[in-house]
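Notes follow once the structure below has been shown.
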Amino acid sequence: MTLQTLFLFQSPAKRTGIDSKRECEQRESRHAETTIVLWSLRMQLPSLPFPRTSTILRGLCALCVAAFASATVGAWAAGPKAYVGNFKDSTVSVVDIDQGQVSATLPVAAGPDGMVVTPGGASVFVSGSSASSISVIDTATDRVSRTVEVGSGPQGLAVVPGGKTVLAAVNGADLVAFIDVASASVAATVPVPKPHTIAVRPDGTQAYVASQEPGKFSVVIVDLAARKVVGTIALDKPPRDLEFGPDGKTLYLTLAGLAAVQVIDSAANRIVGQIPTGVSPHVAQVFAGQARGVAVVQGPGEVEFFDPATNTVDRKIAVGKQPHWLDITPEGRRLVVSNEGDNTVSIVDIASGQMRTVAVGNAPRKIAVQHVSAADHAAKGAARVSIANFAFMPAEIAVAAGQSVNWRNDDGAPHGVQFKDGATGAPLMLPKADFSRKFDKPGSYDYVCSVHPYMTGRVVVEAP
Ligand SMILES: [Cu+2]
């Protein structure tokens, strides 16, 4: 760090020409960010064949500024889409997350509630909780292509890993429906009283169903192969939502009227801890690859980040009114949150806390982000990672063995691709440069940017 930055950190009050402590802090923060960027670039410079550090720094800094500026107007096309169910309109808004705007609005079955995107991102299932059907949206056209009759009042949905089956909590009919994705029809049902939401264990063996039967609130455990109930966890309050953590063992459960997320150990099938939050936490999740879990808390209108190791909230970001649901973008850097109370969606940059707000329809509840899989890349004949805004997008990409991945520097600054397995990468990619590597062996391949080691990415190669 420079001496000037150290001085700023030490003694804000002594700076002249700054009116308030807040303004001073903002300036410090901006200055520190710039210094850190320059500092990280400077560390790389001895390896670059350039003569004068100061000239290079000025040039790179200008490039950085250009990159940050262009990112805000959508430097790369075909960004991820978020699907948002507007409960009172019976429509779904399609939000282009990079552009920060609604690209389509389409009618669906009445009272859109549960919503999932199938692996590969081809379809979105939306349950019509005021109807008896589930609308299936084709994401290529963003229109409802099929409708599945499931019984009265379907609510929560969940995808079984592998993507062949979607489970529906059919509240009015007191059952969980197994929907065959290929034929868009109900293949089986299992009786569960007043089912509300569903979490599927990541290994695909069991579903945990929140049951809101009055006087007998519980989590009902369904064996997915045998298609029968194999256990229950009794609760003293109505369950709202439950989600498995990435370890496949911990469940995060919210209960009506309790300002804390319940932590369930699914090996013992009992509550082993809780995470105190603001009033009315609705959904809590630890997304894969994230150090912090995040809860949507309706009362204060916040997302609250928690440490899964200590079960304590250590960061809060204000979003819109009465936030309902959230999802994460494929590159793992942004959250999208639906705000039922003010008809908006918040797009939150996790690292900086910066936010864009997008107006959607009336009473947005569930929200789901489209992710793209190996099959989809295979169908398109190419798997592409865009380097933009100092990030690999997507940060994790899945391909089939034998396929190539292409990286393209869509940023204004130089970047690189350096593999942890020692394979030859691209040490320096100037803007517009690209690089490809073919992956023959199934496995997980981690890499970093050779210029900015904090930029990380992964290629997951699936067996053909
Ligand atoms: Cu980089």
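Quick note: the coordinates plus some simple rules give every number you see, no bench work behind them. All figures in this text were calculated on a predicted structure; none of them were measured in a lab. In this analysis, Cβ positions are derived from the backbone assuming ideal geometry, glycine residues included, and neighbour counts consider all displayed protein chains.
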On full extension of the chain, what length is gained from Ser444 through Thr105, given 0.36 nm per residue of separation minus the C-alpha to C-alpha distance?
118.3 nm
Send over the semi-axes of region 111-234's equivalent ellipsoid, whole angstrom and largest first, taken as the square roots of 5 times the C-alpha gyration tensor eigenvalues.
23, 16, 11
Quick one: Kirkwood hydrodynamic radius for region 252-316, alpha-carbon pairs, angstrom, one decimal?
11.7
Between Asp307 and Leu430, what FRET efficiency follows from the Cβ-Cβ distance if R0 is 41 Å, with the result rounded to 0.05?
0.55
Roughly how many whole Å is it from the C-alpha centroid of region 195-274 to that of region 102-120?
25
Just to verify a number: FRET efficiency for Lys420 and Asp180, C-beta to C-beta distance, R0 = 41 Å, to 0.05?
0.55
Greater than 25 Å apart at Cα, pairs in Lys216/Lys316; Lys88/Lys316; Lys194/Lys237; Lys164/Lys228; Lys164/Lys316:
Lys216/Lys316; Lys88/Lys316; Lys164/Lys316
Normalised by the number of residues in region 188-251, what is the relative contact order in percent for Cα pairs under 8 Å and 6+ residues apart?
31
Along the positive direction of the dipole of region 191-348 (beta-carbon charges: Lys, Arg +1; Asp, Glu -1; about the Cα centre), which of Gln212, Val230, Phe244 reaches farthest?
Val230
